1. What net charge is computed for the residues neighbouring Trp423, neighbours being all others with C-beta under 9 Å from the C-beta of Trp423, Lys and Arg scored +1, Asp and Glu -1?
2. I'd like the carbon and sulfur percentage of the solvent accessible area for region 690-766, probe radius 1.4 Å, heavy atoms only, ligands and nucleic acids excluded.
3. In what sequence, highest mean first, do 463-474, 589-600 appear when ranked by Cβ atoms within 10 angstrom?
4. Take each of the peptides 714-724, 134-144, average the number of other beta-carbon atoms within 10 Å over its residues, and list them starting from the highest.
5. Take the alpha carbon gyration tensor of region 393-511, find the square roots of its eigenvalues, order them as a ≥ b ≥ c, and report rounded if a/c is under 1.5; if not, report prolate when a/b exceeds b/c, else oblate.
6. Net charge near Phe562: determine it from the other residues with C-beta under 14 Å of the C-beta of Phe562, scoring Lys and Arg +1 and Asp and Glu -1.
7. If you find the alpha carbon centre of region 702-760 and of region 537-604, how far apart are they in angstrom?
8. Efficiency by 1/(1 + (r/R0)^6): what FRET value for Ser229 and Gln377, r their Cβ-Cβ distance, R0 = 45 Å, to the nearest 0.05?
Amino acid sequence: MSISRELYPSQDDLLYEEELLRNPFSLKLWWRYLIARREAPFKKRFIIYERALKALPGSYKLWHAYLTERLEIVRNLPITHSQYETLNNTFERALVTMHKMPRIWIMYLQTLTNQKLITRTRRTFDRALCALPVTQHDRIWELYLRFVSQEGVPIETSLRVYRRYLKYDPSHIEDFIEFLVNSRLWQEAAERLASVLNDDQFYSIKGKTKHTLWLELCDLLTRHAKEVSGLNVDAIIRGGIRKFTDEVGRLWTSLADYYIRRGLFEKARDIFEEGMTTVVTVRDFSVIFDAYSQFEESMVAHKMENLDLSDEEEDELEENGSLQDEDVRLEVNSKFEKKILSGFWLHDDNDVDLMLARLEYLMDRRPELANSVLLRQNPHNVEQWHRRIKLFEGNPTKQILTYTEAVRTVDPMKALGKPHTLWVAFAKLYENHNDLVNARVIFDKAVQVNYKTVDNLASIWCEWAEMEIRHKNFKGALELLRRATAEPSVEVKRRVAADGNEPVQMKLHKSLRLWTFYVDLEEGLGTLESTRAVYERILDLRIATPQIIINYSLLLEEHKYFEDAFKVYERGVKIFKYPHVKDIWVTYLSKFVKRYGKSKLERARELFEHAIEMTPADSVKPLYLQYAKLEEDYGLAKRAMKVYDQATKAVPNNEKLEMYKIYIARAAEIFGVPKTREIYEQAIESGLPDKDVKTMCLKYAELEKSLGEIDRARGIYVFASQFADPRSDEDFWNEWHEFEVKHGNEDTFREMLRIKRSVSASYSQTHFILPEYLMQKDQRLNIDEAKDKLKLAGVPEDEMAALERQLAPVANNAKAKDSSRKVGFVSAGVESQPDGAMKGNANQEDIELPEESDSEDDEKVEITQKDVPSAVFGGLVRKREETEKEELGDHATAAKDKDGGAGPLGALERIKRLKRG
């Protein structure tokens, strides 16, 4: 054939051609020639490739480049083009020398796969596997499996390929099983999956667990029950149920589904029932029960549809009226069968009622079955047993059987709940049906059980006694409690100690609950002596409570044994400590004071002193108030004030203010308002919190205002101002403002404003400059201490405060007694003050008054008179005046008082004696 002129070497190719003529077997020269002509048409490059490969047939580089270019040429051509056949021939020529190169085989196999040449491709794969070493087979098998998984490849071919591949690499059996499932080969898929599960050395390359594979096998067997044979499905699934406990419900439903698909409906029902009675979790039970109920519903629906269809077919046959001879014979035979089997209910096709009854019975049993599941989880769960018994309400026989099973099953040492309640409820069931004999038998067995705690056993004895009381058997109830509280003998104790396991019956005689019930019965049914004996036994066993002490004392008081009652109180306060003894002390003291009053005053005082000494500070306030009330009613007023004074020092800081208020109120009522000045001063100097000091100062100032002491009230306001921040405590400054408006003048008002500015500046510097931890540490830090700390820190002092310090005179050294008093406080004069203090409080600017004549001709100034408030004199003076009026009409009583009567004198009597003396 003629060759085109374009394919001949050009002038530019002469250089490469001459070199190739000199050295035709040089790969470098051929490769440089091809690179130089990379822009040339493929036909020209084709000739160069063919010449090069003819000279160098074993060059992998030339063959790979040549085949790659030929693949690029046919890439966009249809697979039926003739170029594909030329390409295949080229690959075959290349494999003559390149049969050990896996990359050439892969390129060829991919090309054949794309051409859909099944037989040729399969044979080429086989040739490749034969030609290449085993170490390179994995690269070929990947393409081979992808090829046989395509559509159009015969199933038998794919199976044979996969089986050969498993001989090469058995670990990829999961891919084979997946292929079998996709190919609907259920039998072989099930067999392969079963063999995998039986292989203990199997390791899933896809990360599947044995559990997952089990579930896949169960689904495969149950969904294709008719296609799979030769495997014991029941044994396989039951083995999975025993091995994998977290999917028991699903496996049971799978086994039942297998029998349903096989048409064995009764066997499926048995499987459902067995599953519900063996699972131990509510989740598995719910799965099985839902599947069971759906199965029964579907059966009923299917049966009803079939009945409707059969009725329609019979109607059509009757309308047609023409049947062939064979149909007539069949109809005669069916009628004959129906006539023979008419008495057999199992042969009845119309069993819809039976199916509905089954479904209804299943739904009714759900609560009982669910309760059985919970009891299988923990057979010692008392609450679940009670719920189970409640399910059978109205069926006493079933309840008795359930109670019997419960008390036999539940171990009191492992019980969750209170096991004694089962025995009590069991006995009450017989009691409600008026069978007391069996109820007593149940109680008698119950008290012999070894419970975990003594309280459980005591509860049974109490319930037994209450049952006897409900049926008017009071002697029997008392006898039961005597029997229960009897202490075991020494021989019994020795025998139990030898066994080493001490039952609760050995500790029953120390049960407080039992003794409390026993003593209540004795109070209501027994005598005083028997009741006292029970109380004394409780005290001897050292199991008494404060309430038992109080009850015992009240019992003795009811029978007029007052001294014995007080002895019981004494025993109680010795036994118990605070806070348990608080109620005993309060009851004891109130009863003693009510009983004896002033006749045994010294003994009452000793009791109160002893009680206060034993009581902690946070609980002593009520006792002090009760003590003070005793002194006010039967003792001396000064002793009452002394008690109040002790109370203010004994109570905690948060109760001191309230205690001082009571102290002041009582002092004002008894001794008059002036007496309270001393108490106010004591309260202010006693170290109360700043807030309480301010409150006390306001009350003190209100008192001085009511007495007309304006200057003293102003001094108290000045002193209290250091505790009142004007930004947060507006009430104090408003009250001082109103005071100055009513009682002050321009100078005093300006002084109040100056002090307000000074205090505000001090608080501002204190809050903004002092370290935060210092402010939190001591909230009661006064202003002077804060100023000193600011000065040491280098902070300049406020100008107004500096001016005050320059104008303030140097005070003399005060006595030790007044050194603790706060600056600016005005004393009531009760305590003596040094001259320096008096000068410090006096006005610094002397006012010279004009000399005036004292002649009688001068104009006389009339001064208005104002009565002294009655509160100043106190309540004792008023009581004394009232007593004098009564004594004017009773001379005999006065004479008797003069001679001195028997018994202790009260506060009022002593005041009357002093007045007459």
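The values are calculated or read from the model by the stated rules, or taken from the named source; none is laboratory data. Computed from a predicted model, the values in this text were never measured in an experiment. Note that we place each Cβ from the backbone using ideal geometry, even for glycine, and neighbour counts take in every protein chain shown. Only protein heavy atoms, including side chains, enter the accessible area calculation; ligands, DNA and RNA are left aside. Shrake-Rupley method; radii C 1.70, N 1.55, O 1.52, S 1.80 Å.
1. 0
2. 46 percent
3. 463-474, 589-600
4. The packing order, highest mean first, is 714-724, 134-144.
5. Taking the square roots of the gyration eigenvalues as a ≥ b ≥ c, region 393-511 is oblate.
6. Its environment carries a net charge of +2.
7. 53 Å
8. That pair, Ser229 with Gln377, gives E of 0.70.
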